[in-house]
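The values are calculated or read from the model by the stated rules, or taken from the named source; none is laboratory data. All figures in this text were calculated on a predicted structure; none of them were measured in a lab. With ideal geometry, Cβ positions are generated from the backbone for all residues, glycine too; neighbour counts draw on all protein chains shown. Protein only, heavy atoms only, side chains kept; ligands, DNA and RNA dropped before computing areas. Shrake-Rupley method; radii C 1.70, N 1.55, O 1.52, S 1.80 Å.
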Amino acid sequence: MDSHLKLTADKGDALPDPSLYQRLLGRLIYLTITRPDIAFSVQILAQFMHQPTIVHLQDAKRLLRYLVGTISQGILLASSSAATLTTYCDSDWAGCPMTRRSTTGYCIFLGDSPISWKVKKQYVTAKSSAEAEYRAMALTNCEVTWLTTLLKDLGLKNLPPTVLKCDNQAALAIAANPVLHERTKHVEIDCHYVRDQIQQGTIKAEKIAYSDQVADILTKILPVQLHNQHVHKLGASSLPHSPT
């Protein structure tokens, strides 16, 4: 998608028959199960399914052209890697031009293979980037808890602490230091689940550089070169076409 374009509900003329757009988005939502690189774009387009416009349809067709150009791309699962969970979480503070709500994005790796990813607009408007990042950490931690329980049921009972990588120093400080109560009074209690898990040793939060934040592709539209770099870091690769 065009990184300079901000889609809104009133941009463009309404489509006379929205069913074409709705069927197309339904298929694209299904495709995000195996294509994390389009998850954020599909999340944006899906917000206008009730009353799509010509502009929304044009952007959806642009996404289709991207898929045609990367039709052989897919997730390559590692045949052997350590049984450890590594998580990247990020948020785009006040990124929605209509509601000014932030968008949460996370990607979870089992060893070197991505096994879970999600893009979701936050339910409330965050008052700071630290709050938006902290809420992203809370949502990610819920998914980590579920995956850890699932892996234990499958026989992996001695998993090391999950590494939670975030590029926001303020959010990491809030999670590690309960003394910062003046900065967290407006954060809902359930978000402090992250702090509880860190104290119990099931989560290990780490600071990473912005350039290494894999989940950045799940929270905003990136320039082409940076987009391709993050797709590679996600573990997606283009496989050769098989002869027919």
Exercise. Mind checking which lysines have their C-alpha under 23 Å from K152, skipping anything on the same chain fewer than 8 residues away?
Worked result: K118, K165, K204
For this session: Using just the helices of the chain, give the 222 nm mean residue ellipticity in deg cm²/dmol: DSSP H runs with n ≥ 4 each add -39,500 (n - 2.57), and the total is spread over all residues, rounded to 500.
Result: -11000 deg cm²/dmol
For this session: Calculate the all-directions average of the projected area of segment 107-238's alpha-carbon convex hull, and give it in nm².
Result: 9.0 nm²
For this session: Could you pull out every one of the aspartates and glutamates with an alpha carbon less than 12 Å from that of K233, ignoring same-chain neighbours closer than 8 positions?
Result: D37, D112, D212, D216
Exercise. Ignoring ligands, DNA and RNA, what percent of the 1.4 Å accessible area of segment 1-116 is carbon and sulfur?
Worked result: 56 percent
For this session: Tell me, rounded to the nearest percent, the portion of alpha carbon pairs in the chain spaced more than 30 Å apart.
Result: 31 percent
Exercise. Quick one: which of 36-45, 222-231 comes out on top by average Cβ neighbours within 10 Å, and what's the full order, highest first?
Worked result: 36-45, 222-231
For this session: For Y193 and T99, calculate 0.36 nm times their separation in residues minus their Cα-Cα distance, and state this gained length in nm to one decimal.
Result: 31.2 nm
For this session: Largest first and to the nearest Å, give the Cα extent of segment 37-118 along each principal axis.
Result: 47, 31, 17
Exercise. If ligands, DNA and RNA are left out, what is the accessible area of R101 with a 1.4 Å probe, given in Å² to the nearest 10?
Worked result: 90 Å²
Problem set entry | Extension reserve of the A78-E143 stretch, reckoned as 0.36 nm per residue once the Cα distance is removed | 21.3 nm
